[in-house]
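Before any comments, here is the structure.
Derivation of every value follows stated rules applied to the coordinates shown; laboratory data play no part. Quantities reported herein were computed from a predicted structural model and do not represent experimental measurements. Heads up, the Cβs are rebuilt from the backbone with ideal geometry, glycines too, and the neighbour counts pull from every protein chain shown.
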Amino acid sequence: MQTGTQLRAAVDTATGPAFVSLDRETRAAVDTATAAYHLSRQPQTLRGWACKEDGPLRPVRVHGRLAWPVAELRRVLGVAQ
């Protein structure tokens, strides 16, 4: 029997993250995991920025969840729209 860590690792390697590049992103805002991927940060770092309101960009709160505007991600990363 596999432990939870081994099982989780097997699932991650089988499916892998399916992130769309910012230049092809059609959504107005993305979730924390997607924003963290594009910014090369851990999701918890972005949650800290949201809590302390001291990061390079601010999320929009939608029903208690964080949504990170794609336009702001592009601005911070210097990606043309």
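In sequence order, the stretch 45-61 has phi-based couplings of 5, 5, 5, x, 4, 5, 5, 8, 6, 10, x, x, 8, 10, x, 9, 9 Hz under the Karplus curve 6.51 cos²θ - 1.76 cosθ + 1.60, θ = phi - 60°, and Gly or Pro positions carry x. Scalar couplings 3J(HN,Hα) for the stretch 23-38, obtained by applying the Karplus form with A = 6.51, B = -1.76, C = 1.60 to θ = phi - 60°, are 6, 9, 5, 9, 6, 6, 8, 10, 6, 5, 4, 5, 4, 4, 4, 5 Hz; x denotes Gly and Pro.
A simple spin-label model places pseudo-atoms 7 Å from Cα toward Cβ; at ALA33 and ALA71 they are separated by 2.7 nm. Computed from backbone phi, the HN-Hα couplings of the stretch 75-81 come to 4, 5, 8, x, 8, 5, 8 Hz, rounded to whole numbers (Karplus: 6.51 cos²θ - 1.76 cosθ + 1.60, θ = phi - 60°; Gly and Pro given as x).
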